[in-house]
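Just passing along the structure, written as structure tokens.
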Amino acid sequence: METYPTSTINKVSLCGNSEYQVYAFARSVMGLLDIEGWDVDFDNAKRRAGVCKYGPQVISFSRHFLTNAPLDEIRNTVLHEIAHILAGYNAGHGPEWVRIAKSIGCDGQRCTTAPVATDYRYEFVCDHCDMVVARRHRLNGRMQGFVNGRSAGTHTTCGHPVRMIDNGAK
């Protein structure tokens, strides 16, 4: 079982949310872990914070996420994607990936709690507790019915009806 220099990685700081600073942080950590042949990139994704692409050997981060998330969430997401590199394609978010993620300082969670993009056109809100249960930029085929007046389902936590709010095109 391979061990990683967690105490050394914890000394590498992320100083800001610019692409340059995130790139420098990711490259520094990858260097400490002897990861070669991988690149760091940025994209315009609105529904995910980061991605690990094994074919082209690239980890990529959403510019929207960098703009909206606190530094500790950005740091954790970079470590999350680096853990995917170390764990390999077949590990997914399984126990081996969790072990590796935690060993390099990531929290080992599958998803971030920080918003990736804030300009969602559609929001699904519980009628009872007013909790936003989902946000979407566009509707898939199943969701098209909500626009035509059907109920948007029920809130799994409290069991009350959920309504869809169209915030208009942005």
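The values are calculated or read from the model by the stated rules, or taken from the named source; none is laboratory data. Being a predicted model, the structure only gives us computed values, none of them experimental. Heads up, the Cβs are rebuilt from the backbone with ideal geometry, glycines too, and the neighbour counts pull from every protein chain shown. Ligands, DNA and RNA are excluded from the accessible area calculation, which covers all protein heavy atoms including side chains. Shrake-Rupley method; radii C 1.70, N 1.55, O 1.52, S 1.80 Å.
Which condition breaks for residue 121 when tested against (1) crowded, with 17+ Cβ neighbours inside 10 Å; (2) over 16 Å from the mean Cα position of the chain (by Cα); (3) at pLDDT below 95?
Failed condition: (1).
Out of all the residues in the range 97-106, is one or more in contact with a helix residue (DSSP H, G or I) (Cβ under 7 Å, 6 or more places away or on another chain), open to solvent by 10 Å² or more (accessible area, probe 1.4 Å) and closer than 30 Å to residue 138 by Cβ?
No, the range 97-106 contains no residue that is in contact with a helix residue (DSSP H, G or I) (Cβ under 7 Å, 6 or more places away or on another chain), open to solvent by 10 Å² or more (accessible area, probe 1.4 Å) and closer than 30 Å to residue 138 by Cβ.
Does any residue in the range 27-51 that is at positive phi come within less than 8 Å, Cβ to Cβ, of a residue that is open to solvent by 60 Å² or more (accessible area, probe 1.4 Å) six or more places away or on a different chain, and which pairs are these?
Within 8 Å, the pairs are 37/57.
Do we find that residue 100 is assigned to a helix (DSSP H, G or I), out of contact with any Asp or Glu (no Cβ under 9 Å at 6 or more places or on another chain) and either modelled with pLDDT under 95 or of a type outside the set (D, E, K, R) (or both) in this structure? Spell out the reasoning first.
On the way: assigned to a helix (DSSP H, G or I): yes; out of contact with any Asp or Glu (no Cβ under 9 Å at 6 or more places or on another chain): no; either modelled with pLDDT under 95 or of a type outside the set (D, E, K, R) (or both): yes.
Criteria not met by residue 100.
Does residue 90 satisfy being more than 17 Å from the chain's Cα centre (by Cα), polar (S, T, N, Q) and either open to solvent by less than 20 Å² (accessible area, probe 1.4 Å) or modelled with pLDDT of 95 or more (or both)?
On the way: more than 17 Å from the chain's Cα centre (by Cα): yes; polar (S, T, N, Q): yes; either open to solvent by less than 20 Å² (accessible area, probe 1.4 Å) or modelled with pLDDT of 95 or more (or both): yes.
For residue 90, the condition - more than 17 Å from the chain's Cα centre (by Cα), polar (S, T, N, Q) and either open to solvent by less than 20 Å² (accessible area, probe 1.4 Å) or modelled with pLDDT of 95 or more (or both) - is met.
Look through the range 129-146, keep the residues that are surrounded by 12 or more Cβ atoms within 10 Å (Cβ to Cβ) and more than 30 Å from residue 70 (Cα to Cα), and return whichever of them is modelled with the highest pLDDT.
The extreme case among them is 143.
If you scan the range 52-92, which residues turn out to be among the hydrophobic types (A, V, I, L, M, F, W, C) and touching a residue at least 60 places away in the same chain (Cβ under 8 Å)? Break it down into steps so the answer makes sense when it comes.
Here is the first cut: in the range 52-92, the residues among the hydrophobic types (A, V, I, L, M, F, W, C) are 52, 58-59, 61, 65-66, 69, 71, 74, 78-79, 82-83, 85-87, 91.
Result: 74, 78, 79, 86.
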